[in-house]
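Read the structure below first, then the notes.
The values are calculated or read from the model by the stated rules, or taken from the named source; none is laboratory data. Note that the structure is predicted; figures quoted are calculated from it, not measured. Positions of Cβ are generated from backbone atoms using ideal geometry, with glycine treated the same way; all protein chains shown enter the neighbour counts. For the accessible areas, the whole protein counts, side chains as well, though only heavy atoms, and no ligand, DNA or RNA atoms are used. Shrake-Rupley method; radii C 1.70, N 1.55, O 1.52, S 1.80 Å.
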Amino acid sequence: MFITDIRKEFYDVVVNQRVALLVSSDIDALCACKILQALFHCDQVQYTLVPVTGWQDLGTAFLEHKEQFRCFVLINCGANVDLLETLQPEEDSIFFICDTHRPVDVVNVYNDTQVKLMIKQDDDLGVPSYDDIFRDEEEEGGDDSGNESDGGSEPSGKRRRYDEGEVERRIERQRATREWEARRREILFDYEQYEYHGTSAAMVIFELAWVLTKDTKDMLWWAIIGLTDQWVHDKITHMKYVTDIATLQRHVSRHNHRNEDEDNSLSIDCMRISFEYDLRLALYQHWSLFESICNSSYTSCNFKLWSMHGQKKLQEFLADMGLPLKQVKQKFNSMDMSVKENLREVIEESSNKYGMKDIRIQTFGVHFGFKNHFLASDVVHATASLLESTEKDDSPGDNFIKALDCLSRSNLERLHGGIDLAKKKLMAIQQTVASCICTNLILSQGPFLYCYLLEGTPDVKLFSKPMALTLLCKYLLKAFVRSTRNKRCKLLPLIIAAPMDVEKRTVIVLGIPPESETSDKKNFFGRAFEKAAESTSSRTLHDHFDTSIIELKMEDRTKFLDALITLLS
Amino acid sequence: PTLCLYSVTTTNEAKSEGKSELIPTIKFRHCCLLRNQRCIAAYLYVSFFQRQETNWTEDGRVMLEWFNQYKKSLATFMRSLGGEEGLDITQDMKPPKSLYIEVRCLKDHGEFEIDDGTIILLKKNSQHFLPRWKCEQLIRQGVLEHIMS
């Protein structure tokens, strides 16, 4: 069931209990987790935090903790699958789910006792009504009891009359049931066909903090990072992003006004969040402007930087702005003040000339101390790189901890480490995109485009992780749409496969919807993968919470793809 | 000891006969006493740790015996404080800031029982928010790490 009053129905319930927090491995979940932890510290709610990377992890974690905990809080996992069926809990276990995955499974919606969804109902859910998908047992049993009552001891004459009437009614009932079931299948198919994402979990938990009047700037910053993660990884539409930014902007103003009232302004060490209409250049303030332009998908795809022509255009662009190459290639912080002063406006003006109308994006930045200034997207990239780090000796648990740590302001070295890793990742993505486009590795299979990263590809280990592979896939599709002349291909979705586990000989397969300005980001590959795997009995593992990401045995790749082609044609 | 005796007699004199001129003397002797106390404490502290380093390897038996005696007298002392249950002075080596602390599990430790009977599973990389006094032991053993955010 949906929770309407998050304070009464969730917080007041858990505040006197011990809680098990099961948190998915994505940035939004980490941010939501940080906010919730801060609230729990305030009220001394004892909890245990367990990171989970997929359904198997979730199941294991639940089994291990079900004896000790009655309340489970699931963050960014659990909404899109029949949870009670999967976990088979005792009757007194309660699950509070704060998950961005949609569509929410209908059983989760209509369970009144054990599943509580911390999801706003106006979030464009489109849940089918109860009567369309559930039927009371009595009506269905009516068919059977009709048969049984025929064996009653009634005079034969009467019985015959009853029989005829009875038979007619039974046939009618059966027909109605079949019709109802057919409509039900159709409704459920429509409802569950497309996967998409709802409001950021961090924002939902921040709202809880706000309702409790326990919200702090740190929590607001985490909410901002959670939303920005959804934007960086292309999980929500532009409209939704802008709407949510406006919501957060109100909170930022509220927090900032608190400080302006005092006679003494805040110490420089205090945290200040500011609204920024900043450049869409990844990590540019922690890198050189040139490198940032080369490795950000927006600029790279618009200039087509994988070609010589594109490189020349970039040089022209820089010259047009009057930015000397020497300046642009050095660390951003070392650039001349005169150059940095109106940089954003200058770049925006020139970008308009080169066809990049949206080089600036609404976002937020944070200042604390003299040196420390970060944009929300910087933190998202850094945390994502730490979370999916492929350095040796890093287990997923270790990475989770490191990523969680880097969100705290006291762990700046960790954050800077993350930024360095993020730079490497962005460069790897850029190079892979360039080589894929130049060697025509993206092939049209009919209903979709397909790209397979061979084992020997440089940095291919980075792409065995879902978030990094998603970023690569999105950049690749954008770049392909820009570089191809085939009009039909521009409207196709893209499936990418990369080696996942060399020993187990599996690949990770991911599908994204077609690229368009007005894309609603709804992804149908989840169901498509399931059906294709079933029909070919391919050995797949649908472990990830995003159903459009699966693991597949290398040998089954070809038949799986063929099944997909047939299915989607 | 003699200094102490002098101090006491002088204090009594000062109190009973109102000889306020003696007060500086009292104060001075008090300072001396305190200083002696500090010196003795420092000496014991240093000698204990020096001996711990040198004698531990050479004559372990002696140190072990001493340590057992120390443990016994510490236990008796602790029991004598704080009413019936005694007071565990080995807890809270530094002044505690909060009742509950956040800890991270550094290695698999299995099940751990806390005061109200509930059991926590300490698995590597899990984080918990628990009462401070239950965690101190495990923090010292290196199983848990205190997280300060």
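Entry remark, region A:330-352: residues being in contact with a Phe, Trp or Tyr (Cβ under 9 Å, 6 or more places away or on another chain) and surrounded by fewer than 14 Cβ atoms within 10 Å (Cβ to Cβ) number 1 in total. When A:Gly417, A:Gly397 are checked against the criterion of being open to solvent by 20 Å² or more (accessible area, probe 1.4 Å), farther than 16 Å from A:Leu472 by Cα and part of a helix (DSSP H, G or I), A:Gly417 stands alone in meeting it.
Can you name every residue in region A:335-363 that is free of Cβ contacts under 8 Å to residues at least 40 places away in the same chain and not in a helix (DSSP H, G or I)? Result: A:Asp336, A:Glu341, A:Asn342, A:Lys357.
Scan region B:121-141 residue by residue and report those that are at the interface with chain A (Cβ under 9 Å from one of its Cβ atoms), farther than 13 Å from B:Asp108 by Cβ and either crowded, with 19+ Cβ neighbours inside 10 Å or without any contact (Cβ under 8 Å) to a residue 12 or more places away in the chain (or both). B:Gln127, B:His128, B:Phe129, B:Leu130, listed by residue number. Please work out if A:Ser307 is open to solvent by less than 90 Å² (accessible area, probe 1.4 Å) and out of contact with any strand residue (DSSP E or B) (no Cβ under 9 Å at 6 or more places or on another chain). Answer is yes for this residue. Residues that are in contact with a helix residue (DSSP H, G or I) (Cβ under 7 Å, 6 or more places away or on another chain), surrounded by 20 or more Cβ atoms within 10 Å (Cβ to Cβ) and among the aliphatic types (A, V, I, L, M) within region A:6-38 comprise A:Ile6, A:Ala20, A:Leu21, A:Leu22, A:Val23, A:Ile27, A:Ala29, A:Leu30, A:Ala32, A:Ile35, A:Leu36, listed in sequence order.
If I ask for residues that are out of contact with any Cys (no Cβ under 7 Å at 6 or more places or on another chain) and within 14 Å of chain B (Cβ to nearest Cβ), which ones from region A:5-19 would you list? Listed by number, the residues that qualify are A:Val15, A:Asn16, A:Arg18. When the test is whether a residue is under 21 Å from the mean Cα position of the chain (by Cα) and without any contact (Cβ under 8 Å) to a residue 40 or more places away in the chain, A:Asp99 does not pass it. One residue alone among B:Leu144, B:Leu106 is at pLDDT 85 or above, more than 11 Å from chain A (Cβ to nearest Cβ) and closer than 20 Å to A:Gly397 by Cβ, and that residue is B:Leu144. Hey, among the residues in region A:364-383 that are surrounded by fewer than 21 Cβ atoms within 10 Å (Cβ to Cβ) and part of a strand (DSSP E or B), which one's modelled with the highest pLDDT? If we take residues in region A:364-383 being surrounded by fewer than 21 Cβ atoms within 10 Å (Cβ to Cβ) and part of a strand (DSSP E or B), then A:Gly365 is modelled with the highest pLDDT. Screening A:His251 on (1) within 19 Å of A:Ile35 (Cβ to Cβ); (2) open to solvent by less than 80 Å² (accessible area, probe 1.4 Å); (3) without any contact (Cβ under 8 Å) to a residue 40 or more places away in the chain shows it passes everything except condition (3).
Only one of the listed residues (B:Asp108, B:Asp116) is without any contact (Cβ under 8 Å) to a residue 40 or more places away in the chain, open to solvent by 40 Å² or more (accessible area, probe 1.4 Å) and closer than 23 Å to A:Leu36 by Cβ. That residue is B:Asp116. Among the residues making up region A:40-60, those that are more than 8 Å from chain B (Cβ to nearest Cβ) and touching a Leu at 6+ places or on another chain (Cβ under 7 Å) are A:Val52, A:Leu58, A:Gly59.
Contact map, region A:544-559: residues that are surrounded by fewer than 17 Cβ atoms within 10 Å (Cβ to Cβ) paired with residues that are in a helix (DSSP H, G or I), Cβ distance under 6 Å, separation 6+ or inter-chain. Pairs shown: A:Lys559/A:Thr536.
Kindly indicate whether A:Asp405 is of a type outside the set (Phe, Trp, Tyr), within 14 Å of chain B (Cβ to nearest Cβ) and under 27 Å from the mean Cα position of the chain (by Cα). Criteria met by A:Asp405.
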